[in-house]
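Input: a single structure, listed below in structure tokens.
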Amino acid sequence: MSRRSGILEFAVLGLLRESPMHGYELRKRLNTSLGVFRAFSYGTLYPCLKSLVANGWLVEEQGSAPDDAKAASLAGRRAKIVYRLTAEGKEHFEELLAHTGPDAWEDEHFAARFAFFGQTSRDVRMRVLEGRRSRLEERLEKMRASLARSRERERLDSYTLELQRHGMESVEREVRWLNELIESERAGRDRRTGPDQ
């Protein structure tokens, strides 16, 4: 399984944990809630859904049929398939949610993981946040060393230098944000919002 499909599987299971949905709703939620999935097609989503069904983690159910079945069949419309998380799917999502290895804080995975922090235990959130911060601090040191070498050895134009500075500032900004989140977690403040939280 590719990294991208693993993230998509995680996100689909997480969204369906909230409530059953049909493919269009899932794609819309992925695009609006989880920006990391903005550029994917139904050609990516539906094979993922079929795989999750085959693994027993989802079931397909017929959605509400149009009122006039004869008129719907003449118009070429059919009832939408609604995907629902099974007990095994919920258990699998819980296992994925508890995972705190290095891929949980990599660029592609972190945004999806963070989107489901409201369903994640505090100790797992802390490990993911600290891992992400550590990874970015390593990246920042490499960027600083690269920028220093570039200034010494190469004559870079001002636009290239500005681009490198911009990259460094973006990483520094994310590290500051992570520090705030980690401090908030340590202080016991919960960022979850909603009527039942």
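The values are calculated or read from the model by the stated rules, or taken from the named source; none is laboratory data. Quantities reported herein were computed from a predicted structural model and do not represent experimental measurements. Virtual Cβ from ideal backbone geometry, glycine too; neighbours counted across all protein chains shown. For accessibility, only protein heavy atoms count, side chains too; no ligands or nucleic acids. Shrake-Rupley method; radii C 1.70, N 1.55, O 1.52, S 1.80 Å.
Which order do 186, 139 take by accessible area at a 1.4 Å probe, largest first?
186, 139
What accessible area, in Å² to the nearest ten, does a 1.4 Å probe give for residue 44?
Roughly 60 Å² of residue 44 is accessible to a 1.4 Å probe.
Just read off the accessible area of residue 10 with the full protein assembly in place, 1.4 Å probe, to the nearest 10 Å².
The accessible area comes out at roughly 10 Å².
Could you work out the relative contact order of the range 122-186? I mean the mean sequence separation of Cα pairs under 8 Å and 6+ apart, divided by the number of residues, in percent.
Computed over the range 122-186, the figure is 59 percent.
Taking R0 as 30 Å, what's the FRET efficiency between residue 86 and residue 44 from their Cβ-Cβ distance, rounded to 0.05?
Approximately 0.85, to the nearest 0.05.
Report the gain in length on full extension from residue 51 to residue 163: 0.36 nm times residue separation, minus Cα-Cα distance, nm rounded to one decimal.
Roughly 36.2 nm would be gained on extension.
Of the accessible area of the range 122-186, with the probe set at 1.4 angstrom, what percent is carbon plus sulfur?
On the range 122-186, the fraction of accessible area on carbon and sulfur atoms equals 47 percent.
Using 0.36 nm times the number of residues separating residue 187 and residue 172, minus their current alpha carbon distance, what extension gain do you get?
3.1 nm
Excluding ligands, DNA and RNA, what is the solvent-accessible area per residue of the range 122-186 at a probe of 1.4 Å, expressed in Å²?
Each residue of the range 122-186 exposes 67 Å² on average to a 1.4 Å probe.
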